[in-house]
Amino acid sequence: MKLNKTLLALAISTLLITACTDDAVDDSLTDGSQNATSGINDASTNGLNSGSGLNGSGFNGYGSGLNGSDDYASTLGPEFNDPSNPLSKRTVYFMLDSSEIMPDFLPVIAAHAQYLVANPSQKITLEGNADERGSREYNIALGEQRAKSVASKMKVQGVSENQINVVSYGEEKPAAFGNDETAWEKNRRVEIVYQPK
């Protein structure tokens, strides 16, 4: 009888702890889907906010062109293959748990917006991604918020809404595998994928 009471108490304690944890994740998801600037991904930033940043990590301030599936853009013109042209950069990276576009990536977004305005029949997909930390639902919401942030910047610059498709893969399409900051920072991104006409 005493063993049954102990097991029952343990089961109730586990249930309460699980319920509290789920509430915390749900609250973070709600906050994250509104502004994606805080929540469950508040793990160590390993110095990203203290000056080492993405620029010091081999991203050259604009992204490293991780768009292996974006072969169509390279057929649009030589500017899409010229490393000195911002149109050749089709990846926008984000800080941990954030959908705020960093100033380093504004020229990339502006270049693509200018191209899209000049080519109104051209369509793109903005693929939002997140690193593996956080729940699947949270990462989908964060990836979507990141893609919407890029879309908003483009729309302000004159890109038509019907030219932009937003999709979020969350943590499902990692650009890098690993359980360290080097891999995670490459996965916190939006990829600008040009669609065939």
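The figures follow:
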| read-out | value |
| --- | --- |
| Spacing of the two label points (7 Å from each Cα toward its C-beta) at residue 137 and residue 119, in nm | 4.0 |
| Neighbour cut-off at most 13 other Cβ (10 Å), DSSP loop, GluC sites (Glu not before Pro), region 67-139 | 100 |
| Neighbourhood net charge (14 Å Cβ-Cβ; Lys/Arg +1, Asp/Glu -1) for residue 163 | +3 |
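FYI, it's all coordinate maths here, none of it is from the lab. Predicted model, so just to flag it, every value in this text is computed and none were measured. When we count neighbours, we look across all protein chains shown, and the Cβ atoms used for this are built from the backbone with ideal geometry, even at glycine.
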